[in-house]
Amino acid sequence: MSGRTHPTLIIGLTGGIGSGKSTVADALVTRGAALVDTDQIAHALTAPGGTAIEPIRQAFGDAVIAPDGRMDRAAMRERAFSDPQARKLLEGVLHPLIRAGTDAGIAAALQNAAPYVLVAIPLLVEGGGARGRFDRVLVVDCPTEVQVERVMRRSGLARSQVDAIMAAQATREQRLAVADDVVDNGGSADALPAQVERIDALYRRLSTQR
Ligand SMILES: Nc1ncnc2c1ncn2[C@@H]1O[C@H](COP(=O)(O)OP(=O)(O)OP(=O)(O)O)[C@@H](O)[C@H]1O
Ligand SMILES: [Mg+2]
């Protein structure tokens, strides 16, 4: 996934939980961007018949596979939360498969002559290595308090649960420090179209200049 060797601009898209990544990605896709969503890839890998299911069964046993054949997320979360070794093992199975799926998605986008490719990675900053893998990093930024409100409204999680998730993520400042481009999604949805238009125009221009 070394963006520099591609004829098309490859953008890493990230942001904290509930910051508006999917909203911004959808708006850019409407303008013609290609999107490779690593969350979707991870879900497909752990769905019934997914490529990760048998390796996960081998590593953890039937207890983490639901009756319908998907990974039992709750059971797996319990294992991985209490046991760092288990988490490492799961990541060892999933990460290479997610990376391969991402590369395949990028290749498909290039086949389709997309003007640029967005790779949505919620934990881009936490995973490190953003610099080498992408031509640019686009961060969807949002004040922490607004993030908490939106996530609580959407998911029905308690404030303490949202706080716990956010405590395990990079801070707003850490994300902004690696950003080349920022969409400010702290305001109303009305503030997005103009920013999306500007970002889309920038990426199209940079892509043709390569
Ligand atoms: N500017 C906005 N004003 C109000 N609500 C918004 C705004 N932007 C996004 N939302 C809402 O906030 C929620 C989170 O947005 P979205 O799903 O785009 O974020 P995300 O970063 O993709 O979240 P996740 O980390 O869960 O994938 C959604 O319910 C969305 O409709
Ligand atoms: Mg999302």
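The values are calculated or read from the model by the stated rules, or taken from the named source; none is laboratory data. Small disclaimer: the values here were computed from a predicted structure and weren't measured. Neighbour counts run over all protein chains shown; Cβ positions are idealised from the backbone, glycine included.
Quick notes
- Test for Pro122: is it under 19 Å from the mean Cα position of the chain (by Cα), closer than 30 Å to Pro55 by Cβ and assigned by TED's automatic domain parsing to the domain that holds Asp26: yes
- In the range 162-171, the residues that are out of contact with any helix residue (DSSP H, G or I) (no Cβ under 6 Å at 6 or more places or on another chain), under 18 Å from Gly15 (Cβ atoms) and not in a loop (DSSP other than H, G, I, E, B): Asp163, Ile165, Met166, Ala167
- Scanning the range 157-176 for residues that are under 23 Å from Arg133 (Cβ atoms) and either touching a residue at least 24 places away in the same chain (Cβ under 8 Å) or surrounded by 14 or more Cβ atoms within 10 Å (Cβ to Cβ) (or both) yields Gln169, Ala170, Arg172, Gln174, Arg175, Leu176.
- Within the range 152-169, considering residues that are under 13 Å from Gly18 (Cβ atoms) and under 16 Å from the mean Cα position of the chain (by Cα), the one modelled with the lowest pLDDT: Ile165
- One residue from Arg204, Arg172, Arg198, Arg210 being within 15 Å of Lys21 (Cα to Cα), away from ligand 2 (no atom under 16 Å from the Cβ) and not hydrophobic (A, V, I, L, M, F, W, C): Arg172
- Within the range 115-137, if we keep just the residues that are part of a helix (DSSP H, G or I) and more than 16 Å from Lys21 (Cβ to Cβ), the residue that is modelled with the lowest pLDDT turns out to be Arg131.
- Qualifying residue in the range 138-147 (condition: part of a helix (DSSP H, G or I), more than 29 Å from Pro48 (Cβ to Cβ), more than 15 Å from the chain's Cα centre (by Cα) and within 16 Å of ligand 2 (Cβ to nearest atom)): yes
- Entirely in the range 1-114, the helices (runs of 4 or more DSSP H) that have 2 or more residues that are in contact with a helix residue (DSSP H, G or I) (Cβ under 7 Å, 6 or more places away or on another chain) and without any contact (Cβ under 8 Å) to a residue 40 or more places away in the chain: 53-60, 73-82, 84-111
- Within the range 93-120, being small (Gly, Ala, Ser), under 15 Å from Thr8 (Cα atoms) and surrounded by 15 or more Cβ atoms within 10 Å (Cβ to Cβ) holds for Gly105, Ala109, Ala114.
- When Ala27, Ala59, Ala44 are checked against the criterion of being in the same structural domain as Gly92 (by TED's automatic domain parsing), closer than 30 Å to Leu192 by Cβ and among the aliphatic types (A, V, I, L, M), Ala44 stands alone in meeting it.
- Checked against (1) away from ligand 1 (no atom under 16 Å from the Cβ); (2) in the same structural domain as Asp180 (by TED's automatic domain parsing), Lys21 passes all but condition (1).
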